[in-house]
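The values are calculated or read from the model by the stated rules, or taken from the named source; none is laboratory data. Bear in mind the structure is a predicted one, so any value in this text is a computation, not a measurement. Virtual Cβ from ideal backbone geometry, glycine too; neighbours counted across all protein chains shown.
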Amino acid sequence: MKSSVEIIIRTTHSLCPKCSKKIPADIVEYNNAVYMKKTCPLHGNFKLLISKHSWYYKQLTEFYFSVMPKNMKQSRFYIYLSNKCNLNCPICLLEPNQEIIPDMSLKEIKSVIEKNKSSRFYLYGAEPTLRSDIHDWIKMLKKNGNIVNMHTNGIKLENFEFLQSLKDCGLDYVSIQFDGFNDTIYQKLRGRGLLDIKRKALDNLKYLNIQTGLNVTIARGINEDQIKPILDFAIENPFIKDVSFATLSHLGDAQKNFSPEELIMPDELIDMVEQQMEGKISRKNLFLFQKFYYVLLSFLNVRRCYNFQHTALIRENGSFQTFDELFEFDKFEQNLDKYRSTIKTNRLKANIFFFLNLLTNIFSSHFLKKIRCLPLNMLLPRNIRNPKMPSKLLLVSFGTVCDPYKYDAQISRYCGQGFVIKDEKGVFLSDSISGLTLQNKHINNK
(Lines give C-alpha, C1' and ligand atoms only; values in the text may rest on other atoms or scores of the structure.)
Protein backbone atom coordinates (compact mmCIF):
# COMPACT_ATOMS: atom_id res chain seq x y z
CA MET A 1 0.00 0.00 0.00
CA LYS A 2 1.31 3.43 -0.93
CA SER A 3 1.91 5.91 1.85
CA SER A 4 1.13 9.58 1.30
CA VAL A 5 3.33 10.49 4.28
CA GLU A 6 7.06 11.01 3.86
CA ILE A 7 9.14 8.66 6.01
CA ILE A 8 12.80 9.46 6.59
CA ILE A 9 14.92 6.38 5.85
CA ARG A 10 18.21 7.99 6.89
CA THR A 11 20.00 11.33 6.99
CA THR A 12 23.23 12.17 5.19
CA HIS A 13 25.05 15.10 3.61
CA SER A 14 25.05 16.15 -0.02
CA LEU A 15 26.02 19.18 -2.12
CA CYS A 16 24.05 22.12 -3.41
CA PRO A 17 23.78 21.68 -7.21
CA LYS A 18 24.20 25.44 -7.66
CA CYS A 19 27.02 26.48 -5.31
CA SER A 20 28.35 23.04 -4.31
CA LYS A 21 28.20 23.88 -0.62
CA LYS A 22 27.96 20.88 1.69
CA ILE A 23 24.40 20.66 3.03
CA PRO A 24 22.29 18.17 5.05
CA ALA A 25 20.08 15.79 3.08
CA ASP A 26 17.29 13.36 3.89
CA ILE A 27 16.64 10.08 2.11
CA VAL A 28 12.87 9.70 2.29
CA GLU A 29 10.22 7.20 1.26
CA TYR A 30 7.03 8.48 -0.33
CA ASN A 31 4.43 6.51 -2.32
CA ASN A 32 6.73 3.45 -2.43
CA ALA A 33 9.50 5.53 -4.03
CA VAL A 34 12.73 6.91 -2.56
CA TYR A 35 13.91 10.50 -2.91
CA MET A 36 16.82 12.65 -1.77
CA LYS A 37 15.63 15.98 -0.34
CA LYS A 38 17.95 18.83 0.57
CA THR A 39 17.85 22.58 1.08
CA CYS A 40 20.53 25.16 0.39
CA PRO A 41 20.14 28.41 2.38
CA LEU A 42 20.99 30.37 -0.77
CA HIS A 43 19.44 28.33 -3.58
CA GLY A 44 16.40 26.66 -2.06
CA ASN A 45 15.01 23.14 -2.17
CA PHE A 46 16.09 20.20 -4.32
CA LYS A 47 14.43 16.81 -4.73
CA LEU A 48 15.87 13.85 -6.66
CA LEU A 49 14.12 10.55 -7.40
CA ILE A 50 16.51 7.75 -6.41
CA SER A 51 14.32 4.68 -6.79
CA LYS A 52 10.75 3.83 -7.73
CA HIS A 53 11.04 0.65 -5.65
CA SER A 54 11.42 1.49 -1.97
CA TRP A 55 11.57 -2.17 -0.88
CA TYR A 56 14.60 -2.75 -3.09
CA TYR A 57 16.44 0.38 -2.00
CA LYS A 58 15.72 0.01 1.72
CA GLN A 59 16.60 -3.67 1.99
CA LEU A 60 19.72 -3.40 -0.16
CA THR A 61 21.15 -0.25 1.47
CA GLU A 62 20.53 -1.69 4.94
CA PHE A 63 22.39 -4.84 3.90
CA TYR A 64 25.15 -2.80 2.24
CA PHE A 65 25.84 -0.58 5.25
CA SER A 66 25.71 -3.60 7.57
CA VAL A 67 28.37 -5.70 5.85
CA MET A 68 30.77 -3.23 4.22
CA PRO A 69 33.91 -2.77 6.34
CA LYS A 70 34.59 0.71 7.66
CA ASN A 71 38.31 0.73 6.83
CA MET A 72 39.19 -0.66 3.42
CA LYS A 73 42.35 -0.35 1.39
CA GLN A 74 41.86 1.14 -2.05
CA SER A 75 42.91 -1.24 -4.84
CA ARG A 76 41.63 0.52 -7.98
CA PHE A 77 43.22 3.74 -9.15
CA TYR A 78 42.28 5.99 -12.07
CA ILE A 79 45.19 7.94 -13.55
CA TYR A 80 44.14 11.10 -15.36
CA LEU A 81 46.74 11.04 -18.13
CA SER A 82 45.69 13.97 -20.26
CA ASN A 83 43.13 16.73 -20.70
CA LYS A 84 43.50 16.47 -24.48
CA CYS A 85 40.82 14.73 -26.53
CA ASN A 86 40.09 14.04 -30.19
CA LEU A 87 36.33 14.41 -29.60
CA ASN A 88 34.10 17.12 -28.22
CA CYS A 89 31.34 15.07 -26.56
CA PRO A 90 28.31 17.05 -25.36
CA ILE A 91 27.96 14.56 -22.47
CA CYS A 92 31.58 14.68 -21.29
CA LEU A 93 32.02 14.73 -17.50
CA LEU A 94 35.19 16.74 -17.97
CA GLU A 95 36.05 19.93 -19.80
CA PRO A 96 38.65 18.66 -22.28
CA ASN A 97 41.22 20.52 -24.34
CA GLN A 98 41.70 23.22 -21.72
CA GLU A 99 44.75 23.92 -19.62
CA ILE A 100 42.95 23.00 -16.39
CA ILE A 101 45.31 20.36 -15.08
CA PRO A 102 48.89 19.90 -16.30
CA ASP A 103 49.69 16.40 -17.52
CA MET A 104 51.60 14.39 -14.94
CA SER A 105 54.89 12.76 -15.79
CA LEU A 106 56.07 9.21 -15.15
CA LYS A 107 58.59 10.55 -12.68
CA GLU A 108 55.91 12.35 -10.66
CA ILE A 109 53.68 9.30 -10.29
CA LYS A 110 56.40 6.73 -9.70
CA SER A 111 56.17 6.90 -5.90
CA VAL A 112 52.37 6.45 -5.96
CA ILE A 113 52.67 3.33 -8.11
CA GLU A 114 55.45 1.83 -6.00
CA LYS A 115 53.31 2.23 -2.86
CA ASN A 116 50.36 0.47 -4.51
CA LYS A 117 51.85 -2.53 -6.28
CA SER A 118 49.66 -5.43 -7.43
CA SER A 119 46.66 -3.14 -7.87
CA ARG A 120 44.44 -2.31 -10.82
CA PHE A 121 45.18 0.94 -12.62
CA TYR A 122 42.84 2.59 -15.11
CA LEU A 123 44.39 4.94 -17.66
CA TYR A 124 41.84 7.54 -18.67
CA GLY A 125 41.59 11.16 -19.60
CA ALA A 126 39.89 13.04 -21.72
CA GLU A 127 41.67 10.55 -24.09
CA PRO A 128 44.72 8.60 -22.83
CA THR A 129 45.79 7.32 -26.26
CA LEU A 130 46.82 10.87 -27.18
CA ARG A 131 49.76 10.65 -24.79
CA SER A 132 52.88 10.06 -26.87
CA ASP A 133 54.39 8.10 -23.96
CA ILE A 134 51.36 5.83 -23.37
CA HIS A 135 53.54 2.75 -23.98
CA ASP A 136 55.96 3.79 -21.22
CA TRP A 137 53.08 4.16 -18.76
CA ILE A 138 51.84 0.65 -19.47
CA LYS A 139 55.34 -0.82 -19.15
CA MET A 140 55.97 0.89 -15.81
CA LEU A 141 52.64 -0.25 -14.36
CA LYS A 142 53.21 -3.83 -15.49
CA LYS A 143 56.74 -3.77 -14.07
CA ASN A 144 55.18 -3.20 -10.65
CA GLY A 145 52.82 -6.16 -10.99
CA ASN A 146 49.65 -4.21 -11.76
CA ILE A 147 46.66 -4.94 -13.97
CA VAL A 148 46.35 -2.19 -16.58
CA ASN A 149 42.98 -1.13 -17.97
CA MET A 150 42.65 1.69 -20.51
CA HIS A 151 39.46 3.75 -20.91
CA THR A 152 39.19 5.13 -24.44
CA ASN A 153 36.80 6.42 -27.08
CA GLY A 154 38.41 3.87 -29.42
CA ILE A 155 39.31 6.20 -32.29
CA LYS A 156 43.02 5.37 -32.26
CA LEU A 157 42.27 1.66 -31.81
CA GLU A 158 41.03 1.65 -35.39
CA ASN A 159 44.76 1.45 -36.16
CA PHE A 160 45.63 -2.24 -35.76
CA GLU A 161 49.39 -1.68 -35.43
CA PHE A 162 48.88 0.88 -32.66
CA LEU A 163 46.64 -1.49 -30.69
CA GLN A 164 49.10 -4.35 -31.23
CA SER A 165 51.89 -2.19 -29.80
CA LEU A 166 49.83 -1.49 -26.66
CA LYS A 167 49.19 -5.19 -26.18
CA ASP A 168 52.89 -5.93 -26.63
CA CYS A 169 53.62 -3.53 -23.75
CA GLY A 170 51.34 -5.55 -21.48
CA LEU A 171 47.94 -3.85 -21.71
CA ASP A 172 45.46 -6.20 -20.01
CA TYR A 173 42.09 -4.67 -20.67
CA VAL A 174 40.36 -2.02 -22.77
CA SER A 175 37.14 -0.26 -21.78
CA ILE A 176 35.72 1.40 -24.87
CA GLN A 177 32.86 3.88 -25.15
CA PHE A 178 30.03 2.22 -27.05
CA ASP A 179 26.62 3.85 -26.93
CA GLY A 180 24.68 1.86 -29.52
CA PHE A 181 24.31 0.75 -33.13
CA ASN A 182 23.01 3.99 -34.64
CA ASP A 183 25.16 6.90 -35.80
CA THR A 184 22.46 9.37 -34.80
CA ILE A 185 23.19 8.36 -31.20
CA TYR A 186 26.87 9.22 -31.56
CA GLN A 187 26.10 12.52 -33.24
CA LYS A 188 23.95 13.53 -30.26
CA LEU A 189 26.15 12.13 -27.49
CA ARG A 190 29.65 12.33 -28.99
CA GLY A 191 29.34 15.16 -31.51
CA ARG A 192 29.96 13.09 -34.67
CA GLY A 193 29.20 9.76 -36.32
CA LEU A 194 31.49 7.06 -34.92
CA LEU A 195 29.80 3.71 -35.51
CA ASP A 196 32.15 2.48 -38.27
CA ILE A 197 35.19 3.47 -36.19
CA LYS A 198 33.79 1.69 -33.13
CA ARG A 199 33.13 -1.47 -35.13
CA LYS A 200 36.66 -1.46 -36.56
CA ALA A 201 38.18 -0.94 -33.10
CA LEU A 202 36.10 -3.82 -31.73
CA ASP A 203 37.15 -6.04 -34.64
CA ASN A 204 40.80 -5.31 -33.80
CA LEU A 205 40.27 -6.00 -30.10
CA LYS A 206 38.57 -9.29 -30.96
CA TYR A 207 41.32 -10.34 -33.37
CA LEU A 208 44.02 -9.62 -30.77
CA ASN A 209 41.91 -11.30 -28.06
CA ILE A 210 42.20 -8.33 -25.71
CA GLN A 211 39.75 -8.40 -22.82
CA THR A 212 37.22 -5.68 -23.52
CA GLY A 213 34.54 -3.82 -21.64
CA LEU A 214 31.78 -1.71 -23.19
CA ASN A 215 31.12 1.59 -21.42
CA VAL A 216 27.61 2.66 -22.39
CA THR A 217 26.13 6.04 -21.49
CA ILE A 218 22.34 5.95 -21.48
CA ALA A 219 20.65 9.30 -22.12
CA ARG A 220 16.93 9.87 -21.82
CA GLY A 221 15.22 10.13 -25.19
CA ILE A 222 18.36 9.17 -27.13
CA ASN A 223 19.44 5.56 -26.66
CA GLU A 224 17.38 3.82 -23.97
CA ASP A 225 16.35 1.24 -26.59
CA GLN A 226 19.97 0.11 -27.08
CA ILE A 227 20.29 -1.89 -23.85
CA LYS A 228 19.12 -5.21 -25.33
CA PRO A 229 21.03 -4.93 -28.65
CA ILE A 230 24.24 -4.14 -26.76
CA LEU A 231 23.75 -7.02 -24.32
CA ASP A 232 22.96 -9.41 -27.19
CA PHE A 233 26.15 -8.30 -28.96
CA ALA A 234 28.23 -8.79 -25.81
CA ILE A 235 26.78 -12.24 -25.16
CA GLU A 236 27.71 -13.32 -28.69
CA ASN A 237 31.33 -12.10 -28.32
CA PRO A 238 33.31 -13.75 -25.49
CA PHE A 239 36.19 -11.26 -25.80
CA ILE A 240 33.78 -8.76 -24.21
CA LYS A 241 34.00 -9.35 -20.47
CA ASP A 242 31.77 -6.63 -19.08
CA VAL A 243 29.13 -4.10 -20.06
CA SER A 244 28.79 -1.02 -17.89
CA PHE A 245 25.62 0.99 -18.39
CA ALA A 246 26.00 4.45 -16.88
CA THR A 247 23.70 7.44 -16.74
CA LEU A 248 24.45 11.07 -17.50
CA SER A 249 26.07 13.02 -14.69
CA HIS A 250 25.68 16.75 -14.16
CA LEU A 251 29.38 17.54 -14.52
CA GLY A 252 31.69 19.19 -17.03
CA ASP A 253 30.26 19.75 -20.50
CA ALA A 254 27.23 17.58 -19.71
CA GLN A 255 25.86 20.15 -17.27
CA LYS A 256 25.97 22.77 -20.03
CA ASN A 257 24.15 20.64 -22.60
CA PHE A 258 21.64 18.65 -20.55
CA SER A 259 19.17 19.68 -17.86
CA PRO A 260 18.85 18.04 -14.42
CA GLU A 261 15.45 16.70 -15.51
CA GLU A 262 17.26 14.47 -18.01
CA LEU A 263 19.23 12.71 -15.27
CA ILE A 264 18.56 8.99 -14.82
CA MET A 265 19.43 7.06 -11.68
CA PRO A 266 20.80 3.48 -11.93
CA ASP A 267 17.58 2.11 -10.46
CA GLU A 268 15.70 3.24 -13.57
CA LEU A 269 18.23 1.42 -15.76
CA ILE A 270 17.28 -1.80 -13.97
CA ASP A 271 13.64 -1.25 -14.96
CA MET A 272 14.75 -0.69 -18.55
CA VAL A 273 16.83 -3.86 -18.76
CA GLU A 274 14.09 -5.92 -17.10
CA GLN A 275 11.59 -4.72 -19.70
CA GLN A 276 13.86 -5.04 -22.74
CA MET A 277 15.17 -8.48 -21.73
CA GLU A 278 11.57 -9.60 -21.05
CA GLY A 279 12.31 -10.58 -17.48
CA LYS A 280 15.32 -12.79 -18.27
CA ILE A 281 17.30 -10.29 -16.22
CA SER A 282 15.09 -9.14 -13.38
CA ARG A 283 15.26 -6.90 -10.35
CA LYS A 284 15.17 -10.07 -8.24
CA ASN A 285 18.28 -11.35 -10.09
CA LEU A 286 20.13 -8.16 -9.25
CA PHE A 287 18.90 -8.11 -5.66
CA LEU A 288 20.20 -11.62 -4.93
CA PHE A 289 23.47 -11.09 -6.78
CA GLN A 290 24.10 -7.76 -5.03
CA LYS A 291 23.71 -9.33 -1.59
CA PHE A 292 26.23 -12.01 -2.54
CA TYR A 293 28.50 -9.37 -4.09
CA TYR A 294 28.46 -7.19 -0.96
CA VAL A 295 29.32 -10.15 1.25
CA LEU A 296 32.13 -11.13 -1.12
CA LEU A 297 33.48 -7.56 -1.02
CA SER A 298 33.30 -7.58 2.76
CA PHE A 299 35.09 -10.94 2.87
CA LEU A 300 37.84 -9.56 0.61
CA ASN A 301 37.87 -6.17 2.39
CA VAL A 302 37.36 -4.38 -0.93
CA ARG A 303 35.58 -1.07 -1.61
CA ARG A 304 32.73 -0.65 -4.07
CA CYS A 305 30.08 2.04 -4.40
CA TYR A 306 26.39 1.30 -3.82
CA ASN A 307 25.51 3.42 -6.85
CA PHE A 308 26.86 0.71 -9.15
CA GLN A 309 24.57 -2.33 -9.22
CA HIS A 310 25.80 -5.57 -10.74
CA THR A 311 24.80 -8.91 -12.09
CA ALA A 312 26.65 -11.66 -13.93
CA LEU A 313 25.57 -13.71 -16.94
CA ILE A 314 26.86 -17.12 -17.99
CA ARG A 315 27.02 -17.50 -21.78
CA GLU A 316 25.53 -20.69 -23.14
CA ASN A 317 24.90 -21.56 -26.81
CA GLY A 318 24.21 -17.99 -27.92
CA SER A 319 22.02 -17.29 -24.91
CA PHE A 320 22.72 -16.92 -21.18
CA GLN A 321 21.77 -17.88 -17.67
CA THR A 322 21.95 -15.47 -14.76
CA PHE A 323 24.65 -16.16 -12.20
CA ASP A 324 22.23 -16.21 -9.28
CA GLU A 325 20.10 -18.92 -10.92
CA LEU A 326 23.10 -21.09 -11.73
CA PHE A 327 24.53 -20.60 -8.26
CA GLU A 328 21.12 -21.25 -6.65
CA PHE A 329 21.21 -18.01 -4.68
CA ASP A 330 17.62 -18.47 -3.55
CA LYS A 331 18.91 -21.33 -1.35
CA PHE A 332 22.11 -19.48 -0.46
CA GLU A 333 20.41 -16.23 0.59
CA GLN A 334 19.82 -17.32 4.18
CA ASN A 335 23.58 -17.81 4.55
CA LEU A 336 24.13 -14.24 3.36
CA ASP A 337 21.67 -12.98 5.97
CA LYS A 338 23.46 -15.02 8.64
CA TYR A 339 26.77 -13.47 7.57
CA ARG A 340 25.22 -10.04 8.04
CA SER A 341 24.07 -10.83 11.58
CA THR A 342 27.34 -12.56 12.56
CA ILE A 343 29.71 -9.89 11.28
CA LYS A 344 28.34 -7.37 13.77
CA THR A 345 30.03 -9.24 16.62
CA ASN A 346 32.65 -11.52 15.06
CA ARG A 347 34.14 -10.74 11.63
CA LEU A 348 36.48 -13.76 11.63
CA LYS A 349 33.66 -16.17 12.41
CA ALA A 350 31.48 -14.57 9.72
CA ASN A 351 34.24 -14.87 7.10
CA ILE A 352 34.93 -18.53 7.90
CA PHE A 353 31.21 -19.28 7.76
CA PHE A 354 30.86 -17.56 4.39
CA PHE A 355 33.90 -19.25 2.86
CA LEU A 356 32.83 -22.75 3.89
CA ASN A 357 29.28 -22.22 2.66
CA LEU A 358 30.56 -20.73 -0.58
CA LEU A 359 32.63 -23.82 -1.31
CA THR A 360 29.75 -26.11 -0.37
CA ASN A 361 27.41 -24.26 -2.70
CA ILE A 362 29.90 -24.32 -5.56
CA PHE A 363 30.45 -28.05 -5.42
CA SER A 364 26.81 -28.96 -4.79
CA SER A 365 25.37 -26.90 -7.67
CA HIS A 366 25.82 -27.07 -11.44
CA PHE A 367 28.13 -24.09 -11.25
CA LEU A 368 31.40 -25.92 -11.97
CA LYS A 369 30.01 -27.75 -14.98
CA LYS A 370 28.60 -24.60 -16.51
CA ILE A 371 31.39 -22.10 -16.04
CA ARG A 372 34.34 -24.54 -16.11
CA CYS A 373 36.81 -21.91 -14.98
CA LEU A 374 36.04 -20.43 -11.58
CA PRO A 375 36.14 -16.63 -11.30
CA LEU A 376 37.31 -17.19 -7.74
CA ASN A 377 40.91 -16.24 -8.49
CA MET A 378 39.70 -12.99 -6.90
CA LEU A 379 40.03 -14.83 -3.59
CA LEU A 380 43.75 -15.23 -4.14
CA PRO A 381 46.37 -12.65 -3.12
CA ARG A 382 46.43 -9.83 -5.64
CA ASN A 383 50.00 -10.49 -6.74
CA ILE A 384 49.21 -14.01 -8.00
CA ARG A 385 45.74 -13.47 -9.48
CA ASN A 386 45.11 -14.24 -13.11
CA PRO A 387 43.70 -11.07 -14.72
CA LYS A 388 41.95 -13.17 -17.38
CA MET A 389 38.23 -13.70 -16.88
CA PRO A 390 36.47 -16.94 -17.87
CA SER A 391 35.17 -16.79 -21.44
CA LYS A 392 31.66 -17.75 -20.36
CA LEU A 393 31.32 -15.00 -17.78
CA LEU A 394 29.86 -11.58 -18.64
CA LEU A 395 29.60 -8.94 -15.93
CA VAL A 396 26.88 -6.30 -16.28
CA SER A 397 26.63 -3.15 -14.19
CA PHE A 398 24.26 -0.21 -13.90
CA GLY A 399 25.68 2.91 -12.33
CA THR A 400 26.27 6.61 -12.19
CA VAL A 401 29.13 8.94 -11.34
CA CYS A 402 28.65 11.23 -8.35
CA ASP A 403 27.69 14.80 -9.11
CA PRO A 404 26.32 17.58 -6.88
CA TYR A 405 22.76 16.37 -7.43
CA LYS A 406 23.38 12.72 -6.51
CA TYR A 407 26.24 12.99 -4.01
CA ASP A 408 25.53 11.04 -0.80
CA ALA A 409 28.29 11.36 1.80
CA GLN A 410 27.45 8.06 3.52
CA ILE A 411 27.78 6.12 0.28
CA SER A 412 30.82 8.04 -0.97
CA ARG A 413 33.02 6.88 1.89
CA TYR A 414 32.91 3.41 0.33
CA CYS A 415 33.85 4.74 -3.11
CA GLY A 416 35.67 2.09 -5.11
CA GLN A 417 37.58 4.55 -7.27
CA GLY A 418 40.79 6.20 -6.20
CA PHE A 419 41.88 9.04 -8.49
CA VAL A 420 45.54 9.85 -9.05
CA ILE A 421 45.43 13.60 -9.56
CA LYS A 422 47.90 16.38 -10.18
CA ASP A 423 47.40 19.96 -9.06
CA GLU A 424 49.63 22.90 -8.19
CA LYS A 425 50.96 21.06 -5.12
CA GLY A 426 51.85 17.82 -6.88
CA VAL A 427 50.44 14.31 -7.37
CA PHE A 428 48.09 12.78 -4.79
CA LEU A 429 45.27 10.27 -4.33
CA SER A 430 41.66 11.40 -4.19
CA ASP A 431 38.21 9.84 -4.07
CA SER A 432 35.73 9.95 -6.95
CA ILE A 433 33.86 13.18 -6.28
CA SER A 434 37.04 15.07 -5.34
CA GLY A 435 38.85 13.80 -8.41
CA LEU A 436 36.17 14.91 -10.82
CA THR A 437 35.82 18.13 -8.87
CA LEU A 438 39.45 19.04 -9.35
CA GLN A 439 39.34 18.21 -13.03
CA ASN A 440 36.30 20.37 -13.64
CA LYS A 441 37.11 23.24 -11.26
CA HIS A 442 33.40 23.89 -10.73
CA ILE A 443 32.86 22.48 -7.25
CA ASN A 444 34.36 24.21 -4.25
CA ASN A 445 35.75 21.16 -2.50
CA LYS A 446 37.54 22.87 0.35
Seminar exercise, completed: Checked pairs for region 263-291, first at positive phi, second crowded, with 21+ Cβ neighbours inside 10 Å, C-beta under 9 Å and 6 or more apart or across chains, list as none
Problem set entry | Residue selected from region 305-318 under the condition out of contact with any Leu (no Cβ under 6 Å at 6 or more places or on another chain) and either part of a loop (DSSP other than H, G, I, E, B) or among the hydroxyl-bearing types (Ser, Thr, Tyr) (or both), by the criterion farthest from Gly399 (Cα to Cα) | Asn317
For this session: Just need a number here: residues in region 225-234 that are surrounded by fewer than 19 Cβ atoms within 10 Å (Cβ to Cβ) and in contact with a Leu (Cβ under 9 Å, 6 or more places away or on another chain).
Result: 1
For this session: Answer yes if at least one residue in region 153-173 is touching a strand residue (DSSP E or B) at 6+ places or on another chain (Cβ under 8 Å), of a type in the set (Asp, Glu), under 17 Å from Asp242 (Cβ atoms) and in a loop (DSSP other than H, G, I, E, B), and no otherwise.
Result: yes
Exercise. Out of all the residues in region 236-245, is one or more surrounded by 19 or more Cβ atoms within 10 Å (Cβ to Cβ), closer than 27 Å to Leu163 by Cα and charged (D, E, K, R)?
Worked result: yes
Problem set entry | One residue from Leu93, Leu42, Leu87 being of a type in the set (A, V, I, L, M, F, W, C), over 30 Å from Asp337 (Cα atoms) and free of Cβ contacts under 8 Å to residues at least 60 places away in the same chain | Leu42
Exercise. Within region 105-124, is even one residue farther than 27 Å from Asp168 by Cβ, under 23 Å from the mean Cα position of the chain (by Cα) and hydroxyl-bearing (Ser, Thr, Tyr)?
Worked result: no
Exercise. Picking from Asn215, Asn182, Asn209, which residue would you name as being in contact with a helix residue (DSSP H, G or I) (Cβ under 8 Å, 6 or more places away or on another chain) and either crowded, with 21+ Cβ neighbours inside 10 Å or not basic (Lys, Arg) (or both)?
Worked result: Asn182
Exercise. Do we have Ile113 as among the β-branched types (Val, Ile, Thr), free of Cβ contacts under 8 Å to residues at least 60 places away in the same chain and farther than 29 Å from Thr247 by Cα here?
Worked result: yes
Exercise. Got at least one residue in region 239-257 being within 16 Å of Arg315 (Cβ to Cβ), in contact with a strand residue (DSSP E or B) (Cβ under 6 Å, 6 or more places away or on another chain), in contact (Cβ under 8 Å) with a residue 40 or more places away in the chain and in a helix (DSSP H, G or I)?
Worked result: no
For this session: Can you give me the number of residues within region 11-35 that are under 12 Å from Ala409 (Cα atoms), out of contact with any His (no Cβ under 8 Å at 6 or more places or on another chain) and surrounded by fewer than 16 Cβ atoms within 10 Å (Cβ to Cβ)?
Result: 2
Exercise. Can you name the residue in region 413-429 that is assigned to a strand (DSSP E or B) and crowded, with 20+ Cβ neighbours inside 10 Å and is also modelled with the lowest pLDDT among such residues?
Worked result: Ile421
Seminar exercise, completed: Checked pairs for region 121-149, first on the phi > 0 side of the Ramachandran plot, second modelled with pLDDT under 95, C-beta under 9 Å and 6 or more apart or across chains, list as Gly145/Lys117; Gly145/Ser118; Gly145/Ser119; Gly145/Arg382; Gly145/Asn383
Seminar exercise, completed: Of the candidates Ser75, Ser66, Ser82, Ser20, the one satisfying the condition of being hydroxyl-bearing (Ser, Thr, Tyr), at negative phi, touching a residue at least 24 places away in the same chain (Cβ under 8 Å) and touching a Pro at 6+ places or on another chain (Cβ under 9 Å) is Ser82
Seminar exercise, completed: Of Gln290, Gln276, the only residue that is closer than 23 Å to Arg340 by Cα and either at pLDDT 95 or above or under 16 Å from the mean Cα position of the chain (by Cα) (or both) is Gln290
Exercise. Does Ala201 count as touching a Gly at 6+ places or on another chain (Cβ under 6 Å), touching a residue at least 24 places away in the same chain (Cβ under 8 Å) and of a type outside the set (Phe, Trp, Tyr)?
Worked result: yes
Exercise. Which of the residues belonging to region 1-35 are part of a strand (DSSP E or B) and among the hydrophobic types (A, V, I, L, M, F, W, C)?
Worked result: Ile7, Ile8, Ile9, Leu15, Ile23, Ala25, Ile27, Val28, Ala33, Val34
For this session: Mind telling me which of the residues Tyr207, Tyr186 ends up being among the hydroxyl-bearing types (Ser, Thr, Tyr), within 23 Å of the chain's Cα centre (by Cα) and at negative phi?
Result: Tyr186
For this session: Please indicate, with yes or no, whether at least one residue in region 242-249 is modelled with pLDDT of 90 or more and farther than 15 Å from Asn223 by Cβ.
Result: yes
Seminar exercise, completed: So the helices (runs of 4 or more DSSP H) completely within region 319-412 holding 1 or more residues that are under 22 Å from the mean Cα position of the chain (by Cα) and either at pLDDT 90 or above or surrounded by fewer than 15 Cβ atoms within 10 Å (Cβ to Cβ) (or both) are 409-412
For this session: Can you work out which of the residues in region 36-78 that are among the hydroxyl-bearing types (Ser, Thr, Tyr), surrounded by 19 or more Cβ atoms within 10 Å (Cβ to Cβ) and assigned to a strand (DSSP E or B) is modelled with the lowest pLDDT?
Result: Tyr78
